[in-house]
Ligand code: NCD
């Protein structure tokens, strides 16, 4: 059997499991497509019938508000049918039953599976076991990968900063447990961000050897100094095996993004956060809601990115001539 690939035989995207290995051009093309789905300020969201007749199955077994509703709206705004399921895939991955679940949904003509799962490997496993015409999109895999989040983060930076090469970007907080940080690292490295920094307390730094192109800082003041982009991360208490961080108040005191600390970044720096935010833990409310915050624009951009990905994988399937 050939090793798993998220591309089809012609090299076009079929599944989206990871941004690892994606080229700058591939990413820029996806961002360009996403921009088509951004309505001008104040206008109604863009709608098409491009995915009429297509069925999308959202399978989420970790909590999600943003990503799930974003994928759902993306599908609906393209005219697809969307099915939301809360079923546990991960506990079954070693048995046969995950295959049964997939086959059941395939029999109901699901064309695209969107999967969020806490167990590494589940998304790829499903991708390896679906019909040729079916695509699988990751909506967040364990602590490893969250590719549509990486793309929406890149789109947001492109929108506000116009490019990547001259930027200093800091990813701050619980990097160790964050799939958002890993996908951000992959997309920013591929896009050639000028200087990429990971800024975290020692207990929340990824292992040595991970994210080799990023400079590491163990002080938030040094880490965000002169940055163009400050990307904050949620403290991921649910992924911590031992209490590796102090309590919330102490974390805020040492690591929270406050207005004073933000003053160390460039005057036109933008502040990002994937949500959900822990107010007054990793970020002060006045910063999250302040003039430099683009957190709400990230959410808007998420729908556009997911529309672009859905349109891309279905478009590529049409080019291959794969039908159910
Ligand atoms: C993130 C996630 O679930 O990975 N949220 C999101 O998708 N917007 C980040 C997080 O939970 O911290």
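The values are calculated or read from the model by the stated rules, or taken from the named source; none is laboratory data. Everything quoted here is computed from the prediction, not taken from an experiment. Positions of Cβ are generated from backbone atoms using ideal geometry, with glycine treated the same way; all protein chains shown enter the neighbour counts.
Annotations
- Flag for residue 79 being part of a loop (DSSP other than H, G, I, E, B), away from the ligand (no atom under 13 Å from the Cβ), under 22 Å from residue 32 (Cβ atoms) and at pLDDT 95 or above: yes
- Single residue of segment 53-71 satisfying the filter (assigned to a helix (DSSP H, G or I) and out of contact with any helix residue (DSSP H, G or I) (no Cβ under 8 Å at 6 or more places or on another chain)) that is surrounded by the fewest Cβ atoms within 10 Å (Cβ to Cβ): 69
- Scan segment 9-59 for residues that are closer than 17 Å to residue 114 by Cβ and not assigned by TED's automatic domain parsing to the domain that holds residue 105 and the total you get is 7.
- Among the residues listed as 39, 74, 50, the single one being surrounded by 13 or more Cβ atoms within 10 Å (Cβ to Cβ), under 29 Å from residue 190 (Cα atoms) and either free of Cβ contacts under 8 Å to residues at least 24 places away in the same chain or more than 15 Å from the chain's Cα centre (by Cα) (or both): 39
- The criterion of at least 1 residues that are under 27 Å from residue 158 (Cβ atoms) is met, among helices (runs of 4 or more DSSP H) falling completely within segment 219-300, by 220-224, 259-262, 285-288.
- Residue that is surrounded by the most Cβ atoms within 10 Å (Cβ to Cβ) [pool: residues in segment 149-167 that are in contact with a helix residue (DSSP H, G or I) (Cβ under 9 Å, 6 or more places away or on another chain) and not in a helix (DSSP H, G or I)]: 164
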